[in-house]
Structure formats: structure tokens, C-alpha cells
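Derivation of every value follows stated rules applied to the coordinates shown; laboratory data play no part. Here the structure is a predicted model, which means the values were calculated and not measured. As a convention, Cβ positions derive from the backbone with ideal geometry for all residues, glycine included, and neighbour counts pool all protein chains shown.
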Amino acid sequence: MKRDLQMKDVVILIHGYNTRDPQRTVGKLSEPFRRGGLEVHEFNYGFTSLFQVRIRNFALAKKLGRVVKKYQGEGRRVVIVGHSNGCTIIHLAHKLFRMRADCVIAINPALSRKTHPPLLRCAYLCIS
């Protein structure tokens, strides 16, 4: 699909678990990304405890895959920024649903140190 130059690239921000206000974590990045010309999609899944993430993460990963596919179907590049459990959701979306992004930024990922960057055809930056 040809890329429409009028379409903005999009950054998807995914917060970690155990937060009631994502604006206090990855949400702080919204405005700088907007100023940089990106559309911001805040993937807010609400407050989730450590126990709940084990149940909900699979459904959230599937939903993330659908969101990414929609934007890519429009010819847009997708950057995903995950914090903590958000990184786990990104990893599951790739592993289980073959989601691919153009760039992934992982901030303090809630992943095993043995986990390799899941999205091998994209830029990957891990900040911890």
C-alpha cells in the first residue's frame, strides 16, 4: 500500500499495571510526541493488579494487534512505547498474534532479562 503523505505516523503509548492515571507515566510523553508531528493513541486499559494482568494481558495483546493492524492498513508507520506491563503486552502481541511495529521503545520492561527483543524488523530501544 502506498503511503499517504498526509497521514501522520502514530505512536501508541501503553502504561504499566497498578496505575489509575496513565498520564502520570507514559502519558507524559503525549505532548512531546504531538509536537514532533506524531498522532498519539493512548492504549489505556485501566487499573490492573498484578494478579489480573496474568488473565487480561492476552486479550489486551490481541486488541493491541488489531489497533496496530488498523493503522498500518492506512499506510501509517507505528511506534509503540510501553512501560512495565505495557512491554509485556507488546511482547505477547508479537509472539501470539504476529504483530509488528516500526519501532518499539520499552521503558522498565516487566519482562525476563532472557527475553529477546520481539520485533526483529524494527528499531528497539530498552530503557531500564
Distance cut-off 17 Å, percentage of C-alpha pairs in the stretch 10-127 lying past it: 50
Spin-label model distance (nm) - residue 96 vs residue 23, 7 Å beyond Cα toward Cβ: 3.1
Residue 62 versus residue 49: modelled label distance in nm, points set 7 Å from Cα along the beta carbon direction: 2.4
For the stretch 80-88, Karplus couplings with θ = phi - 60° (6.51, -1.76, 1.60), whole Hz, Gly/Pro x: 10, 10, x, 10, 6, 5, x, 5, 5
Per-residue Cβ neighbour rank within 10 angstrom, fewest leading, 90, 55: 55, 90
